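Have a look at the structure below, then the notes.
Just so it is clear, none of the values below were taken in a lab; they were calculated from the coordinates. Computed from a prediction, not measured in an experiment: that's the story for all the values here. No Cβ is skipped: glycine too gets one built from the backbone with ideal geometry, and neighbour counts run over all protein chains shown.
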Amino acid sequence: MAGHELPEPADRKQVVDPLDDLRAVEQTRHSCDPAFQHGVVVGFDGSTSSERALSYAIGMAVRSGSGLIIVHVANRLPTTVWAGCEPPVFVDVPDHRTEVLGLELACADYLAEVPWILVERGGDICHELEEVGQEYSADAIVVGSTHGIVGRIFGSVAGRLARRAQRPVIVIP
C-alpha cells in the first residue's frame, strides 16, 4: 500500500554495536569532571627525567587548580619511527610496566594534593601525548628531556613533540 509502513515485529531487535557504548563511556569518563578539563598532561615512564617532569607537572596542576593526566605509552615502535619513517605495523607487545607504575603512583604521597589519573596508550609516544592532550583539552604537555646517544641520533621525544604539538610543551631537563 502506498503511504503505509508495516510496523516492526515485536521480536525483532535492533542490532547495536557494543563498541559504540564503550567509546561513549571512554570519551565522557573524565570530561564530566572539571578537574581534568584543561588539565596538565605529563609523559611518565619511571625514568629520572620523567620523574622530574612529573614533579614539575604536579606543581603546575596545583597552582592552576586543575587535574593531572599522567600518560604512559606502553608499546614502543621500532626506531625507524624516530627517524621519521612510518612503521609497517604496530608492535603490540603486552607491557605490565603500566600496572607497576600505577601502583607506585597510587602509593606516592606527593600526588595526594592533586587529582590525577593514569592513562595507558600504545604507539608513537609523541602522537599519543598530543592525542591525550587534545582529548582532555590540556593546557600544556610536560615531558622530560632525552639524554644519551639515541636521542642525539634519532631526535628526542621532547623535540619532536615541541615541533608538532598544538598546545604548549614544557621540556624539563
For HIS127, the net charge from surrounding residues (Cβ-Cβ under 11 Å; K, R +1; D, E -1) works out to -1
Once fully extended, how much extra length lies between ARG164 and ALA112, figured as 0.36 nm per residue of separation less the alpha-carbon to alpha-carbon distance? 15.5 nm
What is the spin-label model distance, in nm, from GLU135 to THR48 if the labels are put 7 Å beyond Cα along the C-beta direction? 3.2
